[in-house]
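Contents: one structure, followed by commentary.
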Amino acid sequence: MKKRRMYFKMITASLMRRRSRMIVALLSIAIGATVLSGLLTIYYDVPRQLGAQFRNYGANMILTSTEENLSLEDVDQAVSVIKSGDVVGVAPYRYENVRINEIPVVAAGTQMSGAKSTSPYWSVEGEWPAQNGELMVGAKVADKFRLKQGDSIAVSFTPDEKDTNDEVVVDSSIDFKITGILDTGGSEEEYVYMSLDDLEELTGDKGIVNIAELSVSAQSDELIAYADTISNSVSSVSARLVKRVTASETTVLTKLQALVLLVTIVVLALTMICVFTTMAAVVAERRKEIGLRKAIGASDKSIIAEFVGESMLLGLLGGILGTVLGFIFAQQVSVNVFGSSISFRPLLIPITIFASMAVTALSSLLPIRSATDVDPALVLKGE
Amino acid sequence: MSLLELKNVSKIYGELHALDNVSLKVEKGEWVSIMGPSGSGKSTMMNIIGCMDKPTKGEVLLDGVDISKESSKNLTTIRRDKIGLIFQQFHLVNYLTALENVMLAQYYHSIPDEKEAMEALERVGLADRAKHLPSQLSGGEQQRVCVARALINHPEIILADEPTGNLDEANEKVVVDLFHKLHDEGTTLVVVTHDPEVAEVAQRMIVLRSGRLSKEVVNRNFTGKIKLEDNN
């Protein structure tokens, strides 16, 4: 039998045949590894989770034209710069002055599905317009005109005289059915919302918008890079970040990550103390065995190698167990705090296992070193 | 040259002289027993001969090497290469089988050899108990495993400290018979014991009292193959 085989046989026998003792040590290591793996998973997933949460606070990028108006082609071209997975929603907006009962009101034409994605916080009493001929009215406009869901109203538009060659300017008008009342607490309540097609039909101009709102799932640095790339590559488009959203996101994220990191470091330190105490107890109860090994000719080096080997094997098992339990722990935290599942990061498997093995080996090294100082004669006599 | 020679060896702890100017020679192949009451210095002498302690004064020559001057690291090597230890409490590693306990001594000495370890267990009549853990063996069986472990690296000398102290009469006989067999094969034995019956079967008996060598008796009725005269 080779020496290495005997070495592995001894360290596995020590773990397998002293199961009840080792389970306590293993649990202590596994709990530490679980918390470490769980907190690291959360630490790395917080930006994604928080980014998703911040997407509920509206668009974080605005596209405007460097010329007079934006074309929908410009918007498409700008959006194509962003990784498709990062685009949460795109809502082009065109604003025009229209009239309801001959009183001027601002109408916003947009793609409703995009607006829903970029402004998930909008509260709509009733339904969003689902087809042409349907209108969503801001709460202030509804109050002013005593409008409610289900009412029908005519919206008319008068083109600028300079925009037409006709001597007599003719109003265009469309009858709309009101499907919902928009309540945001902001200036959005002063507008009426219709599909871009309806507004184009009303105005007679096609394919132009004033701005486009984008909701992009990315961190501050990436957003700045996207905005720069769009502004540089699409000459007619200027991309700006909505500072109040991106700055708050960065601030909260930095603080939260720092907090999680701090907790991770504290837990790691506590785990080391816990594992150290456990390993010290494990080594102390085996002083007689160490004395015997020395008596039959073991060098200090080989005793240290055997005990460190046992510790590392324990660390490996504890690390594997901790990785699995840590992911379950992180998943539970994520589901309960953020309401969504966590993404699995394979890199955390070797990190957790390595950390677990290193912590266990380091924690056991000191008590083992002191145990090798035992006088075999005294230990074997039981003194 | 004697295999083991103690020249004016003293071990002093403060005011206490655990060994006081003791001189002793043990020849190769000889079987010597050391007797004496508690506190007479038997264990101290055993620890010094076994390279687990150093004398305060004097020289201890083992196979020509003065072990009283060696470093702790060298003493470990000497103990591993030249000495086989047998303990009163057996001291087996409780999570290793009988066979693995024997192989443990090989592991620290050179290369573990399962076949050779099995043969050692056969010599002590325990081949059928090779895969048993110490907790599954009787006291006598554990002591026989301890003997097999002491023998496995073919040491120059076997030191047994109260080898029958924890055994019943039947097992005591088994172990003494085993010592006879080892002696007949040429193994040098130094046995520390309280038991006169065990001490008297040796070729030579040394009695210690208050750290001094008080009596030396040569066993003229010794029945072993190797007679004391043969060694001189």
Checklist line | Cα gyration tensor shape of the stretch B:1-118, rounded if a/c is under 1.5, else prolate or oblate by comparing a/b with b/c | finding: prolate
Checklist line | Restricting the stretch A:70-166 to GluC sites (Glu not before Pro) in coil, as DSSP defines it, with at most 13 other Cβ within 10 Å | finding: A:102, A:127
Next item on the list: Please check which bits of the stretch A:54-90 a label hung off residue A:236 would reach, taking the label as a point 7 Å along Cα-to-C-beta and the cut-off as backbone N under 14 Å.
Entry: A:64-79
Checklist line | Loss of accessible area when A meets B, both sides summed, Å² nearest 100, probe 1.4 Å | finding: 2600 Å²
Margin query: Just to confirm the number: angle between the C-alpha axis of helix B:98-109 and the first principal axis of chain B, 0 to 90 degrees, nearest 10?
Written below: 50 degrees
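What shape does chain B take by its C-alpha gyration tensor, where a ≥ b ≥ c are the square roots of the eigenvalues and a/c under 1.5 counts as rounded, a/b above b/c as prolate, and the rest as oblate? Before the final figure, lay out each step's value.
Working: a/c = 1.64, a/b = 1.38, b/c = 1.18.
Prolate.
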Notebook entry, point to check: If the label point is 7 Å along Cα→Cβ of residue A:183, which residues in the stretch A:116-138 have backbone nitrogen under 16 Å from it?
Noted result: A:121-128, A:137-138
Note to self: Quick check for you: with a 1.4 Å probe and neighbouring chains kept, what is the accessible area per residue of the stretch A:59-241, in Å²?
What the structure shows: 50 Å²
Next item on the list: Provide Rg and Dmax in Å for the stretch A:59-241, with only Cα atoms included in the calculation.
Entry: 17.2, 54
Item checked: Percent carbon-and-sulfur accessible area, the stretch B:1-71, ignoring ligands, DNA and RNA, probe 1.4 Å -> 49 percent
Note to self: Quick check: Cα centre of the stretch B:93-172 to Cα centre of the stretch B:191-217, how many Å?
What the structure shows: 25 Å
Next item on the list: Would you give the gap between the C-alpha center of the stretch B:49-88 and the C-alpha center of the stretch A:82-101, rounded to a whole Å?
Entry: 91 Å
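Please give the net charge around residue A:338, taking every other residue with its beta carbon less than 13 angstrom from that of residue A:338, where Lys and Arg add +1 and Asp and Glu add -1. Mind dumping the intermediate values first?
Numbers: positive: A:48, A:55; negative: A:45.
Cβ neighbours under 13 Å give a net charge of +1.
If I take every Cα pair under 8 Å that is 6 or more residues apart in the stretch A:311-373, average their sequence separation and divide by the length, what percent do I get for the relative contact order?
After rounding, I find 53 percent.
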Next item on the list: Report the residue, chosen from A:131, A:332, A:219, that carries the largest GNM mean-square fluctuation when chain A is represented by alpha-carbon nodes joined by springs under 10 Å.
Entry: A:131
Checklist line | the stretch A:191-293: GluC sites (Glu not before Pro) in DSSP loop, at most 13 other beta carbons within 10 Å | finding: A:285
Notebook entry, point to check: Share of Cα-Cα pairs in the protein assembly as shown beyond 40 Å, in percent?
Noted result: 55 percent
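How do B:179, A:329, A:344 stack up against each other in accessible area, from largest to smallest, with a 1.4 angstrom probe? Mind dumping the intermediate values first?
Details: B:179 0, A:329 80, A:344 110 Å².
Most to least solvent-accessible, the answer reads A:344, A:329, B:179.
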Check: So how strong a dipole does chain B carry about its Cα centre when Lys and Arg Cβ are +1 and Asp and Glu Cβ are -1, to the nearest 20 debye?
Finding: 560 debye
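What's the carbon and sulfur percent of the stretch A:59-241's accessible surface, probe 1.4 angstrom, rounded to a whole number?
On the way: 3870 of 9100 Å².
Percent of accessible area from carbon and sulfur atoms in the stretch A:59-241: 43.
Of all the stretches in chain B, which is the longest one without any exposed loop site, taking trypsin sites (Lys or Arg not before Pro) in a DSSP loop (any state but H, G, I, E, B) with at most 14 other Cβ atoms within 10 Å? Don't jump to the answer; show the numbers that get you there.
Working: sites that count: B:131, B:220, B:225, B:227.
That would be B:1-130.
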Item checked: Potential lengthening between residue A:97 and residue A:206 on full extension [0.36 nm per residue; Cα-Cα distance subtracted] -> 37.6 nm
Next item on the list: Heavy atoms only, probe 1.4 angstrom, no DNA, RNA or ligands counted: give me B:51, A:274 ranked by accessible area, highest first.
Entry: A:274, B:51
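Counting other C-beta atoms within 10 Å, and keeping those with at most 12, which DSSP coil trypsin sites (Lys or Arg not before Pro) do you find in the stretch A:1-43? Before the final figure, lay out each step's value.
Values: sites: A:2, A:3, A:4, A:5, A:9, A:17, A:18, A:19, A:21; in loops: A:2, A:18.
Loop-located and lightly packed - A:2.
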Check: Which angle from 0 to 90°, rounded to the nearest 10, does the C-alpha axis of helix B:169-184 make with the longest principal axis of chain B?
Finding: 70 degrees
Note to self: Explain nothing, just the number: dipole magnitude of the stretch A:59-241 about its Cα centre with +1 on each Lys and Arg Cβ and -1 on each Asp and Glu Cβ, in debye rounded to the nearest 20.
What the structure shows: 580 debye
Checklist line | Spin-label proximity, residue B:135 to the stretch A:304-324 - amide N less than 12 Å from point 7 Å beyond Cα toward beta carbon | finding: none
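The values are calculated or read from the model by the stated rules, or taken from the named source; none is laboratory data. Quick caveat: nothing in here was measured; it's all calculated off a predicted structure. Cβ atoms come from the backbone with ideal geometry, glycine included; neighbour counts cover every protein chain shown. Areas reflect the complete protein model, heavy atoms only, side chains present, ligands, DNA and RNA absent. Shrake-Rupley method; radii C 1.70, N 1.55, O 1.52, S 1.80 Å.
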